[in-house]
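K.L.:
Before I ask anything, let me first share the structure, which is written out below as structure tokens.
The values are calculated or read from the model by the stated rules, or taken from the named source; none is laboratory data. Values in this document were obtained by computation on a predicted structure and should not be read as measured data. Positions of Cβ are generated from backbone atoms using ideal geometry, with glycine treated the same way; all protein chains shown enter the neighbour counts.
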Amino acid sequence: MVESTDFLFRDAWLSPFCEDIFSSFARADQRRWGDVYLQGLLTVPGRKSIRRISDQVVGRPVDQCLQQFVNQSPWDWQPVRRRLAGHLAAAFRAKAWVVEEVAFPKNGANSVGVARQFAHSAGRLINCQLGLAVMLVGESGGCPVNWRLLLPRSWDDDPARRARTRVPAHERCRSRWDHLLEAIDEMILDWGLSPAPVVVDARVTPRVEPLLRGLEERGLHYVARVGETALLRGRAAGWAFGGGAENVTSAAGAAGAVQGGRNGTTLSGRGRDKKNGSHLTTIPLDVPAGPVELRPRRPAQRFMTVEWAQGKSGPKAMWLTDLGDSRLSEVADMIDLRRNALAQLALMDAESGLRHFEGRSFRGWHHHVTLVSAAHGYRLLRGLDGELAHAGPGGSRGSNG
């Protein structure tokens, strides 16, 4: 039986939040340590280590209890995420579900899922864990509500490391798009959330077709950033290209369409884009239907949206979307919301200890990112941080209008 805790700090609003968010916990001690850990993430300055949370929140050594709660305790993180998503959905209307890779740099090779791998979010090869966060994002801020740990292929055939870090047998190396679609299905079918357009950086792989088909099959709108080497199929602004050897890259498609001068719709820059002299052009794509068994419920209609910077001959950025030329301003809003999401992740790292986790287990990783999301969500809901509570697109202070 764990003795009761007397907090050096107690936020009167946090206790009822914890009671609700941890209501699925079977035991009172789990709820108690969840309260302690969350308070530590919110109030301990600097690194939020378990030792520092123990000292500064409780005022006496309870390290072992907190370690057990985060790393070994069998509580299920899914109901906590579902409760958090419900609170956020009720508090503000998410305009997008933004999907972001999060790299967790690590020393050594024993932390779950760690490998020397290319982290697109960091732009380099590092020794790290890679997570996938699905965030509810609006003009007032954003918060991850669902997470996946991306296991490298080297972990599939390493039973010793899998056993040490308690990786479930069914968790294997999979496409990040498999993880993403699974997470989205969970949020819609199991959690009952109303879907929003999905915004995702798909530059990590040139094969975006499985992702787009999966989103289209589910009837979801999307804005997916692609790199210059992404392969496109179909017809861009009357400039034909097709399957097989005639597949071309997105950069070639953009260049060919613009050179052809057909069927493009342009939106002049506004806000920060106007300052930089950039503008957006959308180009319709005719997508081959494909085999009957692979066709989505609604016919695929895709557009390539290209951002052009003043004085530059090539595109600054490219997105594939199903939002047509009449909705180009909405695509621009989605691009801004992704900037907001990145700013929120930076806040989570700086203020809520996103990358401060010291444990090594699969369960511990999921517990920690869930608790950090709850702490960030609480900041957002309570408006404890003015910059966060009133953040506009890009994380800057602004109105919600």
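Each row is one residue, and each column tells you yes or no for (1) within 18 Å of His356 (Cα to Cα); (2) in the same structural domain as Leu151 (by TED's automatic domain parsing).
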{"position": "Arg32", "(1), (2)": "no, no"}
{"position": "Leu38", "(1), (2)": "yes, no"}
{"position": "Ile50", "(1), (2)": "yes, no"}
{"position": "Pro61", "(1), (2)": "no, no"}
{"position": "Arg82", "(1), (2)": "no, yes"}
{"position": "Ala94", "(1), (2)": "no, yes"}
{"position": "Val114", "(1), (2)": "yes, yes"}
{"position": "Met135", "(1), (2)": "no, yes"}
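K.L.:
Given the structure, is Gly108 at pLDDT below 95 and assigned to a loop (DSSP other than H, G, I, E, B)?
P.N.:
Values: at pLDDT below 95: yes; assigned to a loop (DSSP other than H, G, I, E, B): yes.
So Gly108 fits the description; yes.
K.L.:
Mind checking which residues of region 35-79 are part of a loop (DSSP other than H, G, I, E, B) and closer than 22 Å to Val145 by Cα? Write out each step before concluding.
P.N.:
First, the residues of region 35-79 that are part of a loop (DSSP other than H, G, I, E, B): 44-49, 59-62, 73-76.
Listed by number, the residues that qualify are Lys48, Ser73, Pro74, Trp75, Asp76.
K.L.:
OK, next. Let me spell it out: the conditions are (1) within 17 Å of the chain's Cα centre (by Cα); (2) surrounded by fewer than 20 Cβ atoms within 10 Å (Cβ to Cβ); (3) not in a loop (DSSP other than H, G, I, E, B), and Phe118 meets all of them except one. Which number is the exception?
P.N.:
With respect to (1) within 17 Å of the chain's Cα centre (by Cα); (2) surrounded by fewer than 20 Cβ atoms within 10 Å (Cβ to Cβ); (3) not in a loop (DSSP other than H, G, I, E, B), Phe118 is out only on (1).
K.L.:
I would also like to ask the following. I need the full set of residues from region 151-178 which are of a type in the set (A, V, I, L, M, F, W, C), touching a residue at least 40 places away in the same chain (Cβ under 8 Å) and closer than 30 Å to Leu347 by Cα, in order please. Show your work before the answer.
P.N.:
As a first pass, look at region 151-178 and keep what is of a type in the set (A, V, I, L, M, F, W, C): 151, 155, 160, 163, 167, 169, 173, 177.
Right, trim to touching a residue at least 40 places away in the same chain (Cβ under 8 Å) and you get 155, 167.
Scanning region 151-178 gives a single hit, Val167.
K.L.:
Check off (1) more than 22 Å from His367 (Cα to Cα); (2) of a type outside the set (Gly, Ala, Ser); (3) in contact (Cβ under 8 Å) with a residue 60 or more places away in the chain for Gln117 and give me the number that stays unchecked.
P.N.:
All conditions pass for Gln117, except number (3).
K.L.:
Also: Name the single residue that is nearest to Leu337 (Cα to Cα) among those in region 130-141 being modelled with pLDDT of 95 or more and crowded, with 22+ Cβ neighbours inside 10 Å.
P.N.:
First, the residues of region 130-141 that are modelled with pLDDT of 95 or more: 130-137.
Next, only the ones that are crowded, with 22+ Cβ neighbours inside 10 Å stay: 130-131, 133-137.
Values: Leu130: 22, Gly131: 20, Ala133: 15, Val134: 13, Met135: 11, Leu136: 10, Val137: 7 Å.
So, considering only residues that are modelled with pLDDT of 95 or more and crowded, with 22+ Cβ neighbours inside 10 Å, the one nearest to Leu337 (Cα to Cα) is Val137.
K.L.:
Determine whether Ala85 is at pLDDT 90 or above and buried (at least 19 other Cβ atoms within 10 Å of the Cβ). Lay out the reasoning, then the answer.
P.N.:
Working: at pLDDT 90 or above: yes; buried (at least 19 other Cβ atoms within 10 Å of the Cβ): yes.
The answer is yes for Ala85.
K.L.:
Output the residue which, of all residues in region 372-401 that are at pLDDT 50 or above and in contact with a Gly (Cβ under 7 Å, 6 or more places away or on another chain), is nearest to Ile53 (Cα to Cα). Give the derivation first.
P.N.:
Within region 372-401, the first condition is being at pLDDT 50 or above, and the residues that meet it are 372-383.
If we keep only those that are in contact with a Gly (Cβ under 7 Å, 6 or more places away or on another chain) as well, we get 372, 380.
Working: Val372: 13, Leu380: 21 Å.
This residue is Val372.
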